[in-house]
Amino acid sequence: MVHQLKQRLAPSCIPIFTSDQLRAYYTALTSHFGEFRQVFGHRRPIWLVSPKLLFAMVVKIRSGKRLKYAFTLPVFGTRGQIRDTVQTLGLSGTIQTTFVERINLTCRQLIAALHCKTWSLPWSRRTLDHRFTWFCAVYHFVRPHMGLADTFVNDRCFKECSPAIATGLTDHLWSITDLLTWRPSPVLT
């Protein structure tokens, strides 16, 4: 995932990363965001991690299945640098993984092959890719999101809104029939 992200970014762009304490993130980020430099005292150039890389982790300490406590740990950059960068993006400034964990939980709940205890197994990467593509289409066009609700009606109901409506791609919630029968317009060259 980090490799694909690096390929899509501009060469000078280094995003800010927050994650849980999975060790693979550290290896992936340090191997993709840096460069070889000639350092005095070394014959060959050595790999140095970019000083622009900002990476912080949320470390969770558990006792059995219960969460005892959690704390944040800046890995690259200082707490102040990370807080200031996150605030310039319009967020609260705290180191958190809530948005990623929310989408991961939603994926696991809506794609049967990703449930922890299930009979529905992803037989191949291709079938899992097809299921994930279907999930993305339903998530963005069919499923209403309460966080995107525009107005409240009668203090109870909300105007249903999906990410596709919020971005202006469509003006109504689609049904599954709409999604299955939709055909893109031909591109004129």
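Here are some notes:
- Protein heavy-atom surface of the chain, 1.4 angstrom probe: 59% of the accessible area is carbon and sulfur, with nucleic acids and ligands not counted.
- Exposed-site-free run, longest, the chain (rule: chymotrypsin sites (Phe, Trp or Tyr not before Pro); DSSP loop; at most 16 other C-beta within 10 Å): 41-118
- Estimated [θ] at 222 nm from DSSP helical runs (n ≥ 4, -39500 (n - 2.57)) normalised by residues in the chain, nearest 500: -9500 deg cm²/dmol
- Multiplying the residue separation of Cys13 and Thr181 by 0.36 nm and subtracting their alpha-carbon distance yields 56.6 nm.
- Result for the chain in a Gaussian network model with C-alpha springs under 10 Å: among Val39, Val49, Val86, the largest mean-square fluctuation is at Val39.
- GNM result for the chain, Cα springs below 10 Å: residue of Thr30, Thr72, Thr167 fluctuating most strongly: Thr167
- Using the Cβ of Leu110 as centre and a radius below 11 Å, the other residues enclosed give a net charge of +3, where K and R count +1 and D and E count -1.
- Overall form of the chain per C-alpha gyration tensor (a/c, 1.5; a/b vs b/c): prolate
- Three-way shape label, the stretch 38-99, alpha-carbon gyration tensor, a/c 1.5: oblate
- Once all protein chains are placed together, Thr18 keeps about 50 Å² accessible to a 1.4 angstrom probe.
- Sites excluded, trypsin sites (Lys or Arg not before Pro) in DSSP loops with at most 10 other C-beta within 10 Å, longest stretch of the chain: 66-116
The values are calculated or read from the model by the stated rules, or taken from the named source; none is laboratory data. Source: prediction; values computed, not measured. Cβ atoms come from the backbone with ideal geometry, glycine included; neighbour counts cover every protein chain shown. Accessible surface is based on the protein model in full, side chains and every heavy atom, while ligands, DNA and RNA are left aside. Shrake-Rupley method; radii C 1.70, N 1.55, O 1.52, S 1.80 Å.
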